[in-house]
Amino acid sequence: MTLLDRHLAPTTNAIGFWECPAERVRDEFVAWLRWLNRDVTVFEVNGSLDDAVAALRPLGACPYRQLVFQTSSQWTAYLDSGLRGTDTASPIGHLCRVIPCRGLIARWVPHTRRKTETGWTGEYGIVDFDLLADHPAARLNTERAILMMNDGGPWKFHTVGDPLPFEQTERYEAKKIRDRFTVDMLEEYCRAIGVEVFDEEFYGPRGYVIEQRFREPNGPAQRRPLDELLRLLRIPPR
């Protein structure tokens, strides 16, 4: 099966990875949250990626459950219970330096934004590859970043750091900006470092859900059932 059909969106809009065993990531993640004065509970999950993502629900405006999930490689995957998708930047970036190890953030959202008779619908598109180091690099600890996105206007293409040996740099000169970095290229780049990002068989079968409890300034986190979330984001149910 493949995540390209987006049946686990928005949770899989972004997926983070550490080049480290899941148990080590779990221990460092828990230590970090407890240092932040969070009450933390950890429970093991076993099964498919669908099973693991189900353990994160219901989704909330402020993520309160994080999933650390092994893969069939040396990389460990990360997802959370965020209402609009996984927030990868802080946990991946921070734990890369603490463990230390390399990290990866892969994001893909197809561009479906359009105007209808009743208003705007759909999502802005993005294709993003971020390889993080365990030390300061080009930007913070980002070793290489390649980003193609639309945020309400023309498509934009950005890079940070030096090209990696497997990159198809000639495609960055394409006349049509949207063609400079595609989802196929994202998949190939991730594969080049050992991550089959869209292949569901790559994930599992064992992982850990880290649940944290903390007070919020404006009350408890808002949590919504998945069906309601899909309606809010105007994603057709499957």
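Based on this model, can you work out whether Arg114 counts as out of contact with any strand residue (DSSP E or B) (no Cβ under 6 Å at 6 or more places or on another chain), exposed (fewer than 15 other Cβ atoms within 10 Å of the Cβ) and at pLDDT 95 or above?
Details: out of contact with any strand residue (DSSP E or B) (no Cβ under 6 Å at 6 or more places or on another chain): yes; exposed (fewer than 15 other Cβ atoms within 10 Å of the Cβ): yes; at pLDDT 95 or above: no.
No; evaluated as a whole, the condition is false for this residue.
Kindly provide the set of residues from segment 23-52 that are part of a helix (DSSP H, G or I) and over 18 Å from Trp75 (Cα atoms), ordered by number.
Applying the first criterion (part of a helix (DSSP H, G or I)) to segment 23-52 yields 23-35, 49-52.
The answer is Val30, Ala31, Trp32, Leu33, Arg34, Trp35, Asp50, Asp51.
Answer yes or no as to whether Arg97 is surrounded by 18 or more Cβ atoms within 10 Å (Cβ to Cβ) and in contact (Cβ under 8 Å) with a residue 24 or more places away in the chain.
On the way: surrounded by 18 or more Cβ atoms within 10 Å (Cβ to Cβ): no; in contact (Cβ under 8 Å) with a residue 24 or more places away in the chain: yes.
No, not satisfied.
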Which of the residues spanning segment 11-24 are over 21 Å from Met185 (Cα atoms) and not acidic (Asp, Glu)? Thr11, Cys20, Pro21, Ala22, Arg24
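For segment 180-200, how many residues meet the condition of being closer than 30 Å to Leu49 by Cα and in contact with a helix residue (DSSP H, G or I) (Cβ under 9 Å, 6 or more places away or on another chain)? Spell out the reasoning first.
Narrowing segment 180-200 to residues closer than 30 Å to Leu49 by Cα: 181-200.
So of that shortlist, the ones also in contact with a helix residue (DSSP H, G or I) (Cβ under 9 Å, 6 or more places away or on another chain) come out as 181-183, 185, 187, 195-200.
So the answer is 11.
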Segment 135-189: number of residues that are in a loop (DSSP other than H, G, I, E, B) and either surrounded by fewer than 16 Cβ atoms within 10 Å (Cβ to Cβ) or not hydroxyl-bearing (Ser, Thr, Tyr) (or both): 25
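For segment 15-41: of the residues being among the hydrophobic types (A, V, I, L, M, F, W, C) and surrounded by fewer than 15 Cβ atoms within 10 Å (Cβ to Cβ), which is modelled with the lowest pLDDT?
At the first step, the residues of segment 15-41 found to be among the hydrophobic types (A, V, I, L, M, F, W, C) are 15, 17-18, 20, 22, 25, 29-33, 35-36, 40.
Narrowing further to those that are surrounded by fewer than 15 Cβ atoms within 10 Å (Cβ to Cβ): 31, 35-36.
Details: Ala31: 95, Trp35: 92, Leu36: 89.
The qualifying residue modelled with the lowest pLDDT is Leu36.
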Tell me which of these Ser73 doesn't satisfy, since it passes every other one: (1) part of a loop (DSSP other than H, G, I, E, B); (2) small (Gly, Ala, Ser); (3) buried (at least 16 other Cβ atoms within 10 Å of the Cβ). (3)
Specify which of the listed residues (Glu167, Glu173) is out of contact with any strand residue (DSSP E or B) (no Cβ under 9 Å at 6 or more places or on another chain), of a type in the set (Asp, Glu) and over 25 Å from Val25 (Cα atoms). Glu173
Out of Val195, Val183, report the one residue that is over 30 Å from Ala31 (Cβ atoms), at pLDDT 95 or above, among the aliphatic types (A, V, I, L, M) and within 17 Å of the chain's Cα centre (by Cα). Val183
Can you name the condition, by its number, that Trp120 falls short on among (1) free of Cβ contacts under 8 Å to residues at least 40 places away in the same chain; (2) buried (at least 16 other Cβ atoms within 10 Å of the Cβ); (3) not charged (D, E, K, R)? (2)
Does any residue of segment 1-13 turn out to be within 30 Å of Tyr124 (Cα to Cα), in a strand (DSSP E or B) and either of a type in the set (Gly, Ala, Ser) or within 20 Å of the chain's Cα centre (by Cα) (or both)? yes
Regarding Ser72, is this residue modelled with pLDDT of 95 or more, small (Gly, Ala, Ser) and within 30 Å of His135 (Cβ to Cβ)? yes
Can you tell which of Arg144, Arg84, Arg107 is among the charged types (D, E, K, R), at pLDDT 95 or above and under 15 Å from the mean Cα position of the chain (by Cα)? Arg107
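What do you reckon, is Ala106 within 20 Å of Leu4 (Cα to Cα), in a strand (DSSP E or B) and of a type in the set (Gly, Ala, Ser)? Before you say what the answer is, go through the steps one by one.
Details: within 20 Å of Leu4 (Cα to Cα): yes; in a strand (DSSP E or B): yes; of a type in the set (Gly, Ala, Ser): yes.
Taking the combined requirement at face value, the residue satisfies it.
The values are calculated or read from the model by the stated rules, or taken from the named source; none is laboratory data. Everything numeric in this text was worked out from a predicted model, so none of it was measured. Heads up, the Cβs are rebuilt from the backbone with ideal geometry, glycines too, and the neighbour counts pull from every protein chain shown.
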